[in-house]
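The values are calculated or read from the model by the stated rules, or taken from the named source; none is laboratory data. Predicted model only: the values in this text are computed from it and were never measured. Ideal geometry is used to build each Cβ from the backbone, glycine not excepted, and the neighbour counts take in all protein chains shown. Surface areas here come from the heavy atoms of the whole protein model, side chains and all, with no ligands, DNA or RNA. Shrake-Rupley method; radii C 1.70, N 1.55, O 1.52, S 1.80 Å.
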Amino acid sequence: MMLKRFLLIMLFAWQMMPAQDIAIGSKRFTESYVLGEIAARLLSEAGFETTHRQGLGGTVIVWEALKSGSIRMYPDYTGTVQEVILKSDGPVSPAEMRKQLAEFGVGMSEELGFNNTYAIAVRRETAEKFELRRISDLKKQPDLIAGITHETLDRDDGWRAMCRHYGLTMTNVRGLDHAISYAAIADGSIDLMDAYSTDAKLVEYDLVVLDDDLRFFPEYKAVFLYRLDLDPAALAAIRSMEGQIDEKRMIALNAEAERSNDFGRAASLYFTKAGEAPPPETETTFWEKLLGWTLQHLLLVGVSMFFAILIGIPLGIRASRPGKLSQMILGVTGIIQTIPSLALLALLVPVPFMGISATTAIVALFLYSLLPIVRNTAAGLQNIPRPVRESAAAIGLEPFAQLFKVFLPMATRTILAGVKTSAIINVGTATLAALIGAGGLGEPIISGLSLNDSQTILQGAIPAALLAIAVQLLFEGLDRFLIPKGLRLEAENLKSRV
Amino acid sequence: MTFGEVVALYPTDLQIPAGKTTVLIGPSGCGKSTILRLIIGLLQPTNGHVHVAGGGDNLVALRRQMGYVIQDGGLFPHLNARENVLLMPRQLKQDEAAMNRRLTELCNLTHFSMEALERYPVELSGGQRQRVSLMRALALDPDILLLDEPLGALDPMVRASLQRELKEIFANLGKTVVMVTHDMAEAAFLADMIVLLRAGEVVQSGSLDELRDQPAEPYVNEFIDAQRSLVQL
């Protein structure tokens, strides 16, 4: 009965998800979000249904998603295509790029009109104090503290290669999130940072961009990558952006996104002709958005927990018996738990049938939720006293009946505690699902991180924390219904004796 | 029967008479409980076999022909007294009215109050728990009743009254009873046949009079006298 109701709710929740149509991807920074929003609007004006999978974890995740077809297009940069996707050492001509991309079934639009290359920025007073104008000038100042984004630190064409190219010997280097770097450079905790040349914050924080005098950074001309099997009318709609956005316009769009905390609004600025009134502030209210995030979050948690219980309890039953297989079950579920959640998500994305989707997030959450359930089920069964265990056999119960009539009911408390632990971890971990476009309460957290806007972060963080508390309370209530009365009396009796 | 390197029970051709009460007695570790556990199939013999008259190879079916009561009752803590007793009958989908008749019979037989049937094991006294355990063992009306120190954990007053009740129950039912105890007075009071064990071997079996009058070896007298002097104290 309860199961049926649960499945109905799940079905309802699935239907709440947006229809699967032309999916547009974007990476986890303001400009990518805005370009994605513009594309979504262009497509819907051309009569297509669209979904914007925004804020995907990084180039690898978005690229895998495009290859596998989970998204049909996303904005990227020629430099990234050359270095990260095609893994080329030298410059590649646009024609050659298109030829190589075609092998993956992917096409590339003409340039949108701006070059968002990497830039090295310093505070104006730092620039004046040390007379810094060019990147070469840094050779004289090896002690300056650099705050560099993780991706740039790790990339072949990133920070280290730049230092070699210029012969720099910078020693104080920290890996930072891009949005946090601005706050850090403003308050003086770092002296220089990597930036994108169209960042609105360069103007806002009055930073000086150092001249790339030895021509290290490749060109990062914005383009759209799309699947070659994309509907020609949809492609035409996207290609209307070609040559339409120069650096100045992009900076203005980025600035609007950061001012209003609303990527959709920034995108609509693209459609506003000079002299026209700007569009109304927001279309969906905060509460509507919150409801959407929360439902999606509950869907991720609910489905993954459902399967974790369905699979975890039988595994735990098996693991309660002595033997090699039991050690293996506990060992493997334990190892899964130690994989950092972000790494697990990234590992799952290239797996066939996964891609960037709610399914991938659910699989990852399911794997994380297994250990507490398996371990507690096994422990609960092992802790049943021998006289009771033997009595169940001696009165003539079949092994299955022993398990279902005696052992499992007696282990209820321990098993429920395991499920509770899993559910609470699950609610927290599910915020990371937004990194692979699966939505949920992580969405405001991640866009808040890329906007460096703590209010937006809290819009996701507070509901997520409240949800975890609600789950805790729910399970305390469930204890009353699910733990057999005899066992509850036993526990009270023990407590009163102590 | 061996546990690791230790021989728990040497081969024996011990025969247990049907319809009588046989008491296995001996000091701790003599193998008396092992015999019960072999009979009910909680242990498998390393050598030889246990033959139960009328029993086949199916262990589950065999166990349903026997009732088994242990020292602490071995009651299921998540079930109340009624559910403990009726677990097997329900499992076998017996008729509800027949089950209730049987339950009333058993309550009368064991002097257990019907009102207490709704209580959980934790809410019952030691004596009541053993009564419920006995009812559970008798629920399917088995031919054989195995009791492993059923009164071992009870205080002397309760123990004495339960001994009298057990004697009455055994006489009424006429079942094959095998009971383990280390108390000679209890054995003398309840047994048709006493089997005295020592270190995994049967020393002598027979009635109390036979053991006393024709001891197989001096140990038999020593064991009886040691217990008797304790009782007189």
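State all residues of region B:144-160 that are open to solvent by 40 Å² or more (accessible area, probe 1.4 Å) and touching a Gly at 6+ places or on another chain (Cβ under 8 Å); if no residue qualifies, say none.
Result: B:A153, B:D155, B:V158.
For region A:284-336, name all the residues that are crowded, with 20+ Cβ neighbours inside 10 Å and in a loop (DSSP other than H, G, I, E, B).
Correct list: A:S320 only.
Quick one: is A:G440 at positive phi, open to solvent by less than 20 Å² (accessible area, probe 1.4 Å) and under 39 Å from the mean Cα position of the chain (by Cα)?
Details: at positive phi: yes; open to solvent by less than 20 Å² (accessible area, probe 1.4 Å): yes; under 39 Å from the mean Cα position of the chain (by Cα): yes.
When the stated conditions are applied, A:G440 passes them.
Mind telling me which of the residues B:D209, B:D141 ends up being assigned to a helix (DSSP H, G or I), without any contact (Cβ under 8 Å) to a residue 40 or more places away in the chain and surrounded by fewer than 16 Cβ atoms within 10 Å (Cβ to Cβ)? Lay out the reasoning, then the answer.
Numbers: B:D141 fails: assigned to a helix (DSSP H, G or I).
Exactly one of B:D209, B:D141 is assigned to a helix (DSSP H, G or I), without any contact (Cβ under 8 Å) to a residue 40 or more places away in the chain and surrounded by fewer than 16 Cβ atoms within 10 Å (Cβ to Cβ), namely B:D209.
Would you please name the residue that is farthest from the other protein chains (Cβ to nearest Cβ), looking only at residues in region A:397-413 that are assigned to a loop (DSSP other than H, G, I, E, B) and surrounded by 20 or more Cβ atoms within 10 Å (Cβ to Cβ)? Walk me through how you get there before you give the answer.
Of all residues in region A:397-413, those assigned to a loop (DSSP other than H, G, I, E, B) come to A:397-398, A:411.
Narrowing the set further to residues that are surrounded by 20 or more Cβ atoms within 10 Å (Cβ to Cβ) leaves A:397, A:411.
Working: A:L397: 6, A:A411: 10 Å.
Out of the qualifying residues, it is A:A411.
Would you please list the contacts, defined by Cβ atoms under 8 Å and residues six or more apart or on different chains, that run from a residue in region A:367-386 that is closer than 10 Å to A:S320 by Cβ to a residue that is open to solvent by less than 10 Å² (accessible area, probe 1.4 Å) and not in a helix (DSSP H, G or I)?
Once the first residue is closer than 10 Å to A:S320 by Cβ and sits in region A:367-386, its partners that are open to solvent by less than 10 Å² (accessible area, probe 1.4 Å) and not in a helix (DSSP H, G or I) give A:T377/A:A411; A:G380/A:A411; A:L381/A:A411; A:N383/A:A411; A:I384/A:A411.
Which ranges mark the strands (runs of 3 or more DSSP E) fully within region A:45-154 that have 1 or more residues being surrounded by fewer than 21 Cβ atoms within 10 Å (Cβ to Cβ)?
On the way: elements: A:50-56, A:73-77, A:106-108, A:118-123, A:146-149.
Result: A:50-56, A:106-108, A:118-123.
Residue check: is A:V223 touching a strand residue (DSSP E or B) at 6+ places or on another chain (Cβ under 6 Å), part of a strand (DSSP E or B), among the β-branched types (V, I, T) and open to solvent by 40 Å² or more (accessible area, probe 1.4 Å)?
Working: touching a strand residue (DSSP E or B) at 6+ places or on another chain (Cβ under 6 Å): yes; part of a strand (DSSP E or B): yes; among the β-branched types (V, I, T): yes; open to solvent by 40 Å² or more (accessible area, probe 1.4 Å): no.
Here the answer is no, as A:V223 does not meet what is asked.
Which residue is nearest to B:P17 (Cα to Cα), if the candidates are limited to region B:30-44 and must be touching a strand residue (DSSP E or B) at 6+ places or on another chain (Cβ under 7 Å) and in a loop (DSSP other than H, G, I, E, B)?
B:I40
Could you list, in sequence order, all residues of region B:102-138 that are free of Cβ contacts under 8 Å to residues at least 60 places away in the same chain, surrounded by 19 or more Cβ atoms within 10 Å (Cβ to Cβ) and polar (S, T, N, Q)?
Passing the criteria: B:T110, B:Q128.
Here is a list: A:A423, A:A417, A:A394. Which entry is modelled with pLDDT of 90 or more, open to solvent by less than 20 Å² (accessible area, probe 1.4 Å) and more than 10 Å from chain B (Cβ to nearest Cβ)?
Values: A:A417 fails: open to solvent by less than 20 Å² (accessible area, probe 1.4 Å); A:A394 fails: more than 10 Å from chain B (Cβ to nearest Cβ).
Selected residue: A:A423, the only one of A:A423, A:A417, A:A394 that is modelled with pLDDT of 90 or more, open to solvent by less than 20 Å² (accessible area, probe 1.4 Å) and more than 10 Å from chain B (Cβ to nearest Cβ).
Only residues that are closer than 13 Å to B:L147 by Cβ, within 13 Å of another protein chain (Cβ to nearest Cβ) and of a type outside the set (A, V, I, L, M, F, W, C): list them for region B:24-71, please.
First, the residues of region B:24-71 that are closer than 13 Å to B:L147 by Cβ: B:24-25, B:32-33, B:35-37, B:39-40, B:66-71.
Filter once more, so that each one left must be within 13 Å of another protein chain (Cβ to nearest Cβ): B:33, B:36-37, B:39-40, B:66-71.
Listed by number, the residues that qualify are B:S33, B:R37, B:G67, B:Y68, B:Q71.
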